[in-house]
Amino acid sequence: MNTSQLDRYTLKHYTRLMISFFGSLLLLSIYQYTTLYFKGVVDTIFSASFFIALVHQIGYSALVGIALAFPFNFWENLRPRYGFNLVFVLLIILLIIEAMLISYYCTALVPLGSDLLGYSFEDIKTTVANSGGMSISVIIGLVVIIGIFFGLYKITSKKYHYISKMYPFTIILFSLFIMTLFIEGKPINQNKTQYLALNLYETSTEDISYNSDVEYPLIKSQPIQNVLGSYFELKEEKPNIVFIMVEGLGGDFVGEGAEYEGFTPFLDSLTTKSLYWENCLSNTGRTFGVLPSLMGSLPFGKSGFMELEKYPNKLTLFSILKNNGYFTSYYQGTNSAFDNIDKFLLSENVDFVLDKSGFGNEFKMQEEDAAGSSWGYPDKELFKKSLSLPRAANQPRLEVYMTISTHEPFIPPYQEVYEKKVEQILSKSNHNRKIKKIIEKNDNVFATLLYTDDALKYALEEYKKQPNYDNTIFIITGDHRLIPIPQRNNLSRFHVPLIMYSPMLKATKKISSISSHFDVTPSLLTLLESKYELKMPKRVAWMGDALDMQSEFRSIKNIPLMRNKNELKEFISGDKLFSDGSIYSIDENMDLGTSIGGSKAEAGLDAFKSMNAYVTTNDKIIPDSLAIFAVKKEKFTESEIVWINSVYNGQNFDKTYKVARKLAFDKEYTKSLLLCRYILSESPSHIDTKILMGRINVWSGNYTTSIKILKECIKMNPNYIDSYSALFDVYYWSDRYHEALDLIELVRQNSSSVNEIADKITRARIVARKNGIKASKKNTKDKPRETAEISFNQ
């Protein structure tokens with residue numbers, strides 16, 4: 001087509017586009033406030049906050065209008081309609097982004113910021129899928145907003161034809177944008193795309209240079225005070241220690257007088273028999289930080305400690321207790337590769353890990369959501385599985401749990417039963433009208449809280465049947481406060497209960513002073529060290545100190561708080577909180593009030609940021625001489641790294657595994673094994689890669705190595721049929737017919753996919769019969785238990 005014959009679009013058309021863009025943003029704001037109103041988060045739709053949001057949308061529209069005016073004019077003059085089509089498409093993309101960010105905000109009640117960069121693409125896919133995914137309603141919503149934009153453009157066809165020059169309009173737009181700079185915004189009324197862009201910019205340009213001469217700033221110069229000693233009557237044998245990190249368990253759900261009281265009756269009763277810190281703080285606002293903070297009192301790094309590419313030398317409760325004869329174990333019902341948990345546990349030489357892959361056929365997974373996804377096994381199934389495993393009676397244990405049920409999409413087993421319980425509790429409660437409305441609109445959330453509370457009750461009752469129950473310390477806390485329920489302030493998401501229960505407690509106590517997860521490991525180790533001759537490093541490096549044991553409210557600690565990955569915006573100094581550039585005072589109800597004179601908190605955050613970056617990027621938490629388990633990183637030569645980078649382009653490890661598999665099929669065994677080593681160095685629980693290594697070894701004639709690797713795979717995931725399939729092949733090729741017969745019984749007990757390898761089972765029986773070999777008659781009843789955990793130390 002001859003473009004010279006086409007009419008050029010003018011300022012009139014551009015103005016219509018921008019007005020349609022603003023109109024669409026206005027409707028998105030109405031959608032946001034309407035959604036929040038029906039969720040019980042806001043009291044009214046058309047409030048002062050809404051009109052502030054309107055002003056901010058005007059400002060954002062003006063900014064976009066200024067930015068796109070010149071490309072529109074340039075391309076339209078160069079080739080007719082090119083400028084119009086370019087701007088039209090870009091505005092639709094911006095509207096889709098804003099719609100998705102508003103949808104995220106309505107669910108999470110916090111805007112998406114630079115934490116987006118802290119998650120891998122696989123983690124984002126997993127989270128989206130298990131939180132409802134791209135449902136039909138979301139897709140319809142996006143189509144609707146595009147239709148609205150197009151419809152508004154059509155409606156304005158007879159309007160705004162008086163403006164005929166570009167520059168007067170850009171002056172109007174620029175004036176509107178400048179006006180919004182003087183209006184203070186909050187996350188609820190800010191444009192979410194603009195918020196995300198500014199957040200990313202601020203994070204990337206932040207100055208965090210370290211200017212101190214202290215090489216190891218976290219090394220403690222003074223011993224930690226033994227604040228727990230007077231409360232425990234420790235026995236002669238070292239105690240078992242059980243941590244239960246409860247997903248989303250916030251302080252306003254637990255204890256007498258809690259804002260949402262009544263939905264954790266077992267925990268409420270347990271607080272009266274325990275040391276109970278009602279104002280404890282999680283140091284991170286998401287799950288990614290609870291394990292390093294609680295078990296290691298470790299700094300955050302840029303995106304959370306477990307996201308560090310190379311871990312610095314460190315001390316944790318895992319490594320110190322393992323070095324003192326403890327059997328260390330970790331249990332969760334989800335994928336331990338998420339947030340690099342498996343990598344962190346491997347670095348601490350944890351003895352056994354149970355995750356989603358290690359459950360047998362007798363355990364039922366969490367119901368799938370509308371998108372057909374499931375995080376894994378619900379909380380009670382997690383405890384059932386763990387407590388069905390054998391435990392040595394003559395060795396102290398450190399056992400750490402991470403639950404999942406109280407996470408989106410909030411689908412507990414027997415959901416209808418628990419939702420009826422919510423109705424019953426609500427009918428008898430004294431909650432005010434606003435709280436009742438929130439509970440009614442989120443009955444699935446509170447039903448899940450009731451379910452998890454029951455699961456915790458089950459766990460402790462089952463532990464009572466263990467032989468060493470009387471010599472056990474239980475520590476229960478939340479990883480952060482669950483997100484979908486409205487939060488009172490910027491501190492709420494960090495506010496969690498801390499419950500320390502034990503039959504060895506001499507006294508119980510409710511403690512209202514503020515402590516954090518950073519303080520737990522230092523305090524617990526000091527308690528143990530006071531009674532037992534622990535092999536402790538000469539010096540330690542903790543972010544925390546002793547737990548504050550004062551009954552009355554006080555806040556005397558310096559506590560950094562990382563809201564999301566890449567978002568380090570809060571710092572507590574005494575009774576002052578610095579958050580998002582503002583200073584607040586903290587009262588006894590964990591409410592915030594405006595305050596002045598909080599420069600110490602702001603300076604504390606700046607100092608922590610520089611120290612945090614320094615120690616985590618330069619391996620300066622502790623020197624090598626203090627490390628119990630020095631950092632072990634798979635070593636690659638420079639030429640190997642160059643080759644790995646040539647075939648691994650930052651995509652997910654499943655795709656990299658396929659490259660390794662193709663290399664193996666092409667008999668490039670050396671290169672395939674190199675790529676396998678790299679994958680497992682970054683994702684230790686990637687079982688397909690481990691199976692591939694087993695197969696490559698047998699193809700190379702290394703039968704013993706292959707068998708060892710494949711047995712480890714069965715320990716990692718006793719349900720996964722591919723491990724058995726590969727091992728049957730190895731036994732066949734190496735003439736180990738007796739072992740193949742024993743494997744038949746094991747696979748029948750552990751996997752529901754036996755029919756997939758029926759031919760290999762038949763082959764094993766036929767060759768065994770031909771060689772006069774019969775299956776052993778030993779009892780294999782308990783074998784599934786023995787193969788139910790990942791072993792990191794074979």
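Read-outs throughout are calculated quantities, based only on the coordinates presented, and are distinct from any laboratory measurement. Everything numeric here is computed off the predicted structure, so don't read it as measured data. Every residue, glycine as well, gets a Cβ built from its backbone with ideal geometry; the counts of neighbours run over all protein chains shown.
Computed values, structure above
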quantity	calculated
Nearest-0.05 FRET efficiency for I641 and L200, computed from C-beta distance (R0 25 Å)	0.30
Kirkwood Rh in Å, taken over the chain so that all alpha-carbon pairs contribute	29.3
Förster-model FRET efficiency, 30 Å R0, Y669 and D619, C-beta, rounded to 0.05	0.30
Whole-angstrom Cα spans of the range 229-626 along principal axes, big to small	58, 57, 45
Sum of -39500 (n - 2.57) over DSSP H runs of 4+, divided by residues of the chain (222 nm, nearest 500)	-15000 deg cm²/dmol
Net length gained if the chain between K506 and K235 were fully extended (0.36 nm per residue, minus Cα distance)	96.3 nm
Full-extension gain in nm, L26 to K658, via 0.36 nm per residue minus C-alpha separation	222.9 nm
Mean separation of Cα contacts under 8 Å, 6 or more apart, over the residue count of the range 536-619: relative contact order %	19
Relative exposure of T35, T594, T193, judged by other C-beta atoms within 10 Å (fewest first)	T594, T35, T193
Counting DSSP beta bridges with both ends in the range 229-626, the antiparallel % (nearest 5)	50
Inter-label distance for E462 and N430, nm, one decimal - labels placed 7 Å from Cα along Cα-to-Cβ	3.7
Listed pairs K531/K708; K220/K506; K620/K711; K364/K770 exceeding 32 Å between Cα atoms	K531/K708; K620/K711; K364/K770
Fully extended contour minus Cα-Cα distance, from K154 to L86, at 0.36 nm per residue	22.7 nm
Computed over the chain: relative contact order in percent, which uses C-alpha pairs under 8 Å that are six or more apart	17
FRET efficiency for A48 and A108, using Cβ-Cβ distance with R0 set to 25 Å, rounded to 0.05	0.60
Electrostatic dipole magnitude of the range 610-678 [Cβ: Lys, Arg +1; Asp, Glu -1; Cα centre; debye, to 20]	280
Within the chain: Cβ-based charge dipole about Cα centre, in debye rounded to nearest 20 (Lys, Arg +1; Asp, Glu -1)	1680
Cα centroid separation, the range 265-299 to the range 422-453 (Å)	23
Kirkwood Rh and Cα Rg combined as Rg over Rh, evaluated for the range 282-401	0.99
DSSP bridge pairs, the chain: antiparallel proportion in percent, nearest 5	50
Computed P(r) (all Cα pairs; the range 368-464; 10 Å bins; percent)	14, 38, 28, 15, 5, 0
Footprinting exposure proxy for Y732, Y195, Y330 (fewest neighbouring C-beta atoms within 10 Å first)	Y732, Y195, Y330
